[in-house]
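Visitor: Mind looking over this structure? Questions follow.
Derivation of every value follows stated rules applied to the coordinates shown; laboratory data play no part. This structure is a prediction, so every number in the text was calculated from the model and none was measured. Methodologically, a virtual Cβ is constructed for each residue, glycine included, from the backbone with ideal geometry; neighbour enumeration extends over all protein chains shown.
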Amino acid sequence: MTPQPQSAPAQTSEMLPGFDHAAFDSNAVFRALLDAMSRPGRIYDLPVSVSAPDGLNKAATATLLAMADMDTTIWLSPSCATKAAGNHLKFHCGCPISTDVKQADFAIARISDDLSFVTDLAVGNAEYPDQSATLILMVDEISDRPSMTLKGPGIKDTHSLSIKGLPASFHAWRAENHHLFPCGVDVIFASETQIAALSRTTRIEVN
Amino acid sequence: MEQTVKNPADGAPDYNFAYLDEQTKRMIRRALLKAVAIPGYQVPFAGREMPMPYGWGTGGVQVTAAVIGPNDTLKVIDQGADDTTNAVSIRQFFAKTAQVATTEKTAEASIIQTRHRIPEKELREDQVLVYQVPIPEPLRFLEPRETETRKMHALEEYGLMHVKLYEDISRHGHIATTYAYPVMVDDRYVMDPSPTPKFDNPKMNNMAALQLFGAGREKRIYALPPYTKVKSLDFEDHPFEVQTWEDECGMCGARDSYLDEVILDDQGNRMFVCSDTDYCAERQEAGHRGPQHHDQPLGTADRGKAAE
């Protein structure tokens, strides 16, 4: 009944459900993402409850259910690339999953992963800066403690943002990424229940 | 053939929520996320045929369809008015296909789709303004080739636009562009604000609401995140200026709003009236009166004939 991936046959009984209501839930998740991307650093609660397969958390799963389909290539970091996660995304989103990070429209990783892959993400080109990847980083905790001070479009004065366990190498990459504007990678932080985003325009001061 | 007349309130159960299928909405939503991440850059999208002709706001309708949820309240304006054909038909379209609440009051709307005006009332952070755009490329009338305009944006090569504004000055003594007046977004992209009067340009700067632009025929989406710097192009010795009127609104007496001129007869009588109908109605409810309001005694205004 369902398209079964050749390499990893999934039992339908093992499959977790996707959105309860495809139109309303994907709209609600998208609106949270749109708000988050247009107001970088502001924290939004995940507006729906979803089941997350082993390897992904709830907010990252909801983001992919809302945004990914056959037109978007997904790259999962080694710690996220479980059989359950692959089957879940293939079944509910029908999206191609690549092991080549350069191909990714959405790249998903944990904050504890080796993040050296980020420099390989597509940044678009000067004529088509939209042909860039979006990094979805699964984190344990997002808060508005002032470890980072954000400025730029979408931010009235400043926004404060704190991501637990964000390594210094991330900030070095982000600073480079910001200088590439209008090219660059946009970042979505996804905890179990909340999301926040960094647009490529956002200037970050690490406190 | 069986004839069924559906009440708009019954919705259109044969269509997906908000008319577009989910895959189309996802494609538009991905373009919107890129658009807010690159303010002023025109993101190509796979625009669909809509059940209305190009020029009737198919781009704005597709953006609204991708953004609108069941809890939204929609307001649609055409040149500031809620009661013109285009505005009424789009409002009914979403009342039918998404069963959302609609309003004519700016303050009550969560999404405002607009053709060529920005409401006079200051917009809030929890509101989204969706513009219908005919020609999204500000350089198009200067350079018809898309391959070239794309390079010009990539290289930030906007000299041609300044030459065009300069030619205005040399020919007319001032910048004669009055609508679709080009703006610079966040010091990077020159953007067409859609054919809004230049009167509205200053409202775009640092607006609290999110602004989304959809061009259906040209298949482009672009955006201004809230609190983004939007500067109208000008010269040091010819600074940007908005239109001003010597008259006030004939109905509500407003002197701070954009006024439409209405020709009343063939004797040269005319009146000016707010283009933003909700703004004007709200002021009239609050007791403000202009010289041609029907409450006013005849002959009190200098153009008393117009009060009839």
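Visitor: Calculate the dipole size of segment B:73-184 relative to its Cα centre from +1 charges on Lys and Arg beta carbons and -1 charges on Asp and Glu beta carbons; express the result in debye to the nearest 20.
Guide: The calculated dipole for segment B:73-184 is roughly 240 debye.
Visitor: Could you sort the peptides B:171-184, B:71-84 by per-residue average Cβ neighbour count (10 Å cutoff), highest mean leading?
Guide: Going by the mean number of other Cβ atoms within 10 Å, highest first, we get B:71-84, B:171-184.
Visitor: Run the dipole for segment B:160-203 about the Cα centre, Lys and Arg Cβ at +1, Asp and Glu Cβ at -1, nothing else charged, and hand back the magnitude in debye, nearest 20.
Guide: 100 debye
Visitor: In segment A:115-207, what percentage of the DSSP-assigned beta bridges are antiparallel, given to the nearest 5?
Guide: Counting DSSP beta bridges with both partners in segment A:115-207, the antiparallel share is about 75 percent.
Visitor: Specify whether the C-alpha gyration tensor of segment B:32-138 places it in the rounded, prolate or oblate class, a ≥ b ≥ c being the square roots of the eigenvalues: rounded for a/c under 1.5, otherwise prolate if a/b is larger than b/c and oblate if not.
Guide: Because its axes are fairly even, with a/c under 1.5, segment B:32-138 counts as rounded.
Visitor: Also, quick follow-up: Taking every residue in A:63-70, how many Cβ atoms of other protein chains lie within 10 Å of its Cβ, on average?
Guide: 2
Visitor: First check a/c for segment A:35-131, with a ≥ b ≥ c the square roots of the eigenvalues of its C-alpha gyration tensor; if it is under 1.5, answer rounded, and if not, answer prolate when a/b is larger than b/c or oblate otherwise.
Guide: Because its axes are fairly even, with a/c under 1.5, segment A:35-131 counts as rounded.
Visitor: Report the relative contact order of chain B, percent, no decimals, based on alpha-carbon pairs under 8 angstrom and at least 6 residues apart.
Guide: Relative contact order of chain B: 19 percent.
Visitor: From the cross-link list B:LYS121/B:LYS231; B:LYS75/B:LYS219; B:LYS96/B:LYS229; A:LYS151/B:LYS34; B:LYS164/B:LYS229, which pairs have alpha carbons spaced over 25 Å apart?
Guide: B:LYS96/B:LYS229
Visitor: Here's something else I'd like to know. Restricting to the protein assembly as shown, what percent of DSSP beta bridges are antiparallel, rounded to 5?
Guide: Approximately 55 percent, going by the DSSP bridge assignments.
Visitor: Just to compare against my own numbers: the Cα pair-distance distribution for chain A, 5 Å bins, whole % per bin, please.
Guide: 1, 8, 16, 20, 21, 16, 10, 5, 2, 1, 0
Visitor: How much length is gained on full extension from A:SER143 to A:GLN103, taking 0.36 nm per residue of separation minus their Cα-Cα distance?
Guide: Taking 0.36 nm per residue and subtracting the Cα distance, the gain is 11.3 nm.
Visitor: Shape call for segment A:152-207 from the C-alpha gyration tensor, a ≥ b ≥ c root eigenvalues: rounded (a/c under 1.5), prolate (a/b greater than b/c) or oblate?
Guide: Rounded shape, in that the Cα axes give a/c under 1.5.
Visitor: Which value at 222 nm does chain A reach when only helices count, each DSSP H run of 4 or more adding -39,500 (n - 2.57), with the total divided by all residues and rounded to the nearest 500 deg cm²/dmol?
Guide: -7500 deg cm²/dmol
Visitor: Could you work out, residue by residue across A:182-193, how many beta carbons of other chains sit within 10 Å of that residue's beta carbon, and then give the average as an integer?
Guide: So the per-residue partner count for this stretch is 2.
Visitor: Averaged over peptide B:18-30, how many Cβ atoms belonging to another chain are found within 10 Å of each residue's Cβ?
Guide: 4
Visitor: Let me ask another. What order do you get for B:22-35, B:274-287 when each peptide is scored by the mean count of other beta carbon atoms within 10 Å, highest first?
Guide: B:22-35, B:274-287
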